[in-house]
Amino acid sequence: MTAAALQEHFARRYQREASEIGIVHLGLGAFHRAHQALYTDEVLERFGGDWAICGVSLKRPDIRDQLQPQQGLYTLLERDGSGDQIRVIGAVREILFALEAPEAVLNRMAAPQTRIVSLTVTEKGYCHDPATGKLNPEHPDIAHDLRDPGSPHSALGLIVEALNRRRQAGGTGLTVLCCDNLPENGHMVQGLILELARLQSPELAEWISQEVTFPCTMVDRIVPATTEADRAAVERLLGGKDASPVIGEPFRQWVIEDRFAAGRPGWNQVGAQMVEDVRPFEHMKLRMLNGTHSTLAYLGFLAGLEFVSDAVSTPEFAGLIRKMMDEEIRPTLNMPAGTDLSAYRDALLERYANPALRHRLYQIAMDGSQKLPQRLLGTLRDRRRSGVSSPGIVLAVAGWMRYVTGRSEQQEEFTVQDPLSERFQALAETSGLCDARGWHPERGPAYVQALLQVHEVFGTDLAADEDFAAAVTEAFQMLLHHGSRDAVRRASGVKPS
């Protein structure tokens, strides 16, 4: 019933079997399937070509198990206040689980027909130091891949081994296309790949530097986690069950540096922007969207709010992020002529207010140690170099510090989903901030100082910046003594109604 309903709705918009697999995508999560796979599906429908996708799950078999019985078909549900629209996506032709079938993954990546390897593995999937962008050779997956490069565990290790096999077979290079929210993501991934390759073989690293391209990209679409209510809505519209639907807002954007080693799909013909320099768009999105998203996530969650739309419907939260965008973030951006940042700000606030998405603040708050350096601390550093303050960003950082204690303002414990969560909670205890007897606000400054020494997040510059330490300590103490809502109200300048 499930596969039949999907096939009927897909209605053979194009001949899937006529397209060879030309793209291997690592990290077959909801974002890829609601974004890059949609663009590729539209290209295949309108123009054809050998650009079908082999999707690879890296850590868990769930998506593989859900999609294989459906022949890779799944539903994209677009939601806004005006109603729901569905599209069945057919671009994903093959699904593999790397831990169970590493040779199949490597063979597919090394195949001559594969011309692009793309990634959405989230910040923590790059096994690097977020503060410096350098490879972490002590990361367990990287350490394994250095010992046993022929059976890699990491995404980087898979790419390096596949490229090594292409080189040994006398093949050509390809394009590695990072689609994660990281500054200058193509350059960063190129550096990590070359670091890992150089540790294995200088000759391999030289071949990669000559034969492989790493374009930078900027991606944008809000893709909340799929709920049971979403699944029920899809079933009503589809006329059958879908084991793995994805949800997205109507808005989407993809800006790509047009630098491909072996060709690319006509993504530009279905709405993607091909440019020479992605950096201005990337900074705009990382700082204005992702930075304010993280601000809402930590401070809103602490205030007891559940969804982004809940937060921006609250005047003080909407006022804070509007003020941050106008006064703290926009002055750090250098955009091409004709870019209307006021219109972009207003569009973001409208998107955040979409009540149909139900984007959970807790979901956005995940992996903050990996996200803060790109989303908030880059802007903060630029502001400090210019000699100006950033009270909104400082409050957001203090909110993250308060969040990673794993205790709500009502003293209820919650799980902090972050690679460094155990370390953060240990710091909360060893600093004396909280223990089994409760909170000790007078120990707040000691806790803040301990967190600032986590160089993976703050680097050495912010750790040594006494003015920043004083400002974030003051903001943290305000959160402890007055709570998130009151702290946000004071920072936003919005008067109580």
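Answer yes if at least one residue in the stretch 362-372 is of a type in the set (Gly, Ala, Ser), outside the structural domain of residue 79 (by TED's automatic domain parsing) and closer than 30 Å to residue 85 by Cβ, and no otherwise.
Yes, the stretch 362-372 has at least one match.
If you go through the stretch 67-94 one residue at a time, how many are assigned to a loop (DSSP other than H, G, I, E, B), farther than 17 Å from residue 31 by Cα and either without any contact (Cβ under 8 Å) to a residue 60 or more places away in the chain or of a type in the set (D, E, K, R) (or both)?
So the answer is 1.
Can you name the strands (runs of 3 or more DSSP E) wholly within the stretch 185-281 that have at least 1 residues being within 23 Å of the chain's Cα centre (by Cα) and under 30 Å from residue 306 (Cα atoms)?
217-220, 246-248, 253-257
Residue by residue, here is whether (1) at pLDDT 95 or above; (2) surrounded by fewer than 20 Cβ atoms within 10 Å (Cβ to Cβ) holds:
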{"residue": "157", "(1), (2)": "yes, no"}
{"residue": "169", "(1), (2)": "yes, yes"}
{"residue": "184", "(1), (2)": "no, yes"}
{"residue": "211", "(1), (2)": "yes, yes"}
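So is residue 101 closer than 29 Å to residue 208 by Cβ, in contact (Cβ under 8 Å) with a residue 24 or more places away in the chain and more than 21 Å from the chain's Cα centre (by Cα) or not?
For residue 101, the condition - closer than 29 Å to residue 208 by Cβ, in contact (Cβ under 8 Å) with a residue 24 or more places away in the chain and more than 21 Å from the chain's Cα centre (by Cα) - is not met.
Just to check your reading of the model, which residue among 131, 52, 98 is crowded, with 18+ Cβ neighbours inside 10 Å, closer than 17 Å to residue 177 by Cα and not assigned by TED's automatic domain parsing to the domain that holds residue 371?
52
Quick check on the stretch 220-227. Is at least one of its residues surrounded by fewer than 17 Cβ atoms within 10 Å (Cβ to Cβ) and among the charged types (D, E, K, R)?
Checked against the condition, which is being surrounded by fewer than 17 Cβ atoms within 10 Å (Cβ to Cβ) and among the charged types (D, E, K, R), the stretch 220-227 yields no hits at all.
Could you look through the stretch 377-425, keep only residues that are out of contact with any Asp or Glu (no Cβ under 7 Å at 6 or more places or on another chain), among the acidic types (Asp, Glu) and over 15 Å from residue 303 (Cβ atoms), and pick out the one that is surrounded by the most Cβ atoms within 10 Å (Cβ to Cβ)?
The residue in question is 382.
Of the residues that make up the stretch 431-446, is at least one within 30 Å of the chain's Cα centre (by Cα) and either touching a residue at least 40 places away in the same chain (Cβ under 8 Å) or surrounded by 15 or more Cβ atoms within 10 Å (Cβ to Cβ) (or both)?
Residues of the stretch 431-446 within 30 Å of the chain's Cα centre (by Cα): none.
No, the stretch 431-446 has no match at all.
Pairs, please: C-beta under 8 Å, at least 6 apart or cross-chain, first residue in the same structural domain as residue 482 (by TED's automatic domain parsing) and in the stretch 393-422, second of a type in the set (Lys, Arg)?
Matching pairs, first to second residue: 393/383; 413/407; 414/407; 419/124.
Looking at residue 2, is it at pLDDT below 95, among the β-branched types (Val, Ile, Thr) and over 21 Å from residue 158 (Cβ atoms)?
Here the answer is yes, as residue 2 does meet what is asked.
Just to be sure I understand, how many residues within the stretch 475-493 are buried (at least 17 other Cβ atoms within 10 Å of the Cβ) and without any contact (Cβ under 8 Å) to a residue 60 or more places away in the chain?
1
Scan the stretch 345-353 and tell me whether some residue there is of a type outside the set (D, E, K, R) and under 23 Å from residue 402 (Cβ atoms).
Within the stretch 345-353, one or more residues are of a type outside the set (D, E, K, R) and under 23 Å from residue 402 (Cβ atoms).
From 358, 351, which residue is under 21 Å from the mean Cα position of the chain (by Cα) and part of a loop (DSSP other than H, G, I, E, B)?
358
The values are calculated or read from the model by the stated rules, or taken from the named source; none is laboratory data. It should be emphasised that the depicted structure is a prediction, and the values quoted were computed from it without experimental measurement. Don't worry about glycine lacking a Cβ; one is built from the backbone with ideal geometry, like all the others, and counts go over all protein chains shown.
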